[in-house]
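What follows draws every value from the coordinates through simple rules; no lab data is involved. Keep in mind the model is a prediction, meaning the values are calculated, not measured. Counting neighbours? That spans all protein chains shown, and the Cβs are built from the backbone with ideal geometry, glycine included.
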Amino acid sequence: MDLTLDKPGNHLFIRSVSAEGIRILEDIHTGPIVVSANEVMTNWPVVAPDDLNESRLDQILELEPEIVLIGTGSKQVFPPPELMVYLYSRNVGVEIMTTDAACRTFNVLVSEQRKVVAALMPVG
């Protein structure tokens with residue numbers, strides 16, 4: 001699914017998402033990634049919702065987001081409530097959604113200059 005053709009501002013954006021990977025600018029990422037307005041982390045070791053834990057959320061929190069979008073692949077899968085509370089207790093909003101929905105939402109929020117981080121698990 002193509003999301004956008006043009007770079008809407010001075011930030012990273014997601015151009016497309018499919019079973020082949022997530023395209024950011026000209027790079028296609030086939031594994032799990034964490035993306036902010038300025039950075040793509042390709043070493044995030046979360047390929048399925050069961051892989052989430054506080055340590056892996058800490059990698060996201062290092063980017064100092066106001067909002068975290070967690071894309072759980074092709075199906076929306078909620079993590080244990082304790083992990084949601086872990087983010088909320090640090091004054092960080094969190095939304096759990098499919099990866100393609102998280103990509104679309106990331107583009108909207110980052111274009112609004114929000115401090116958003118998307119943690120994206122592969123779709124395929």
Checklist entry - What share of the DSSP beta bridges in the chain is antiparallel, in percent to the nearest 5? => result 55 percent
Checklist entry - When the scattering of the chain is computed by the Debye formula from its Cα atoms alone, each counted once and equally, what is log10 I(q)/I(0) at q = 0.12, 0.19, 0.22, 0.23 Å⁻¹? => result -0.37, -0.97, -1.33, -1.46
Checklist entry - Dipole size in debye (nearest 20) for the chain around its Cα centre, Lys and Arg Cβ +1, Asp and Glu Cβ -1? => result 220 debye
Checklist outcome for this item: Net charge near A48 (other residues with Cβ under 13 Å of its Cβ; Lys, Arg +1; Asp, Glu -1) is 0
Checklist entry - If each of H11 and V108 carries a label point 7 Å out from its Cα toward its Cβ, how far apart are those two points in nm? => result 1.4 nm
Checklist entry - Name the GluC sites (Glu not before Pro) in region 55-97 that are in a loop by DSSP and that have at most 13 other C-beta atoms within 10 Å, would you? => result E62, E66
Item to check | Relative contact order [Cα under 8 Å, 6+ residues apart], the chain, whole percent | outcome: 31 percent
Checklist entry - So if R0 is 25 Å, what FRET efficiency would E20 and E82 give, r being the distance between their Cβ atoms, rounded to the nearest 0.05? => result 0.15
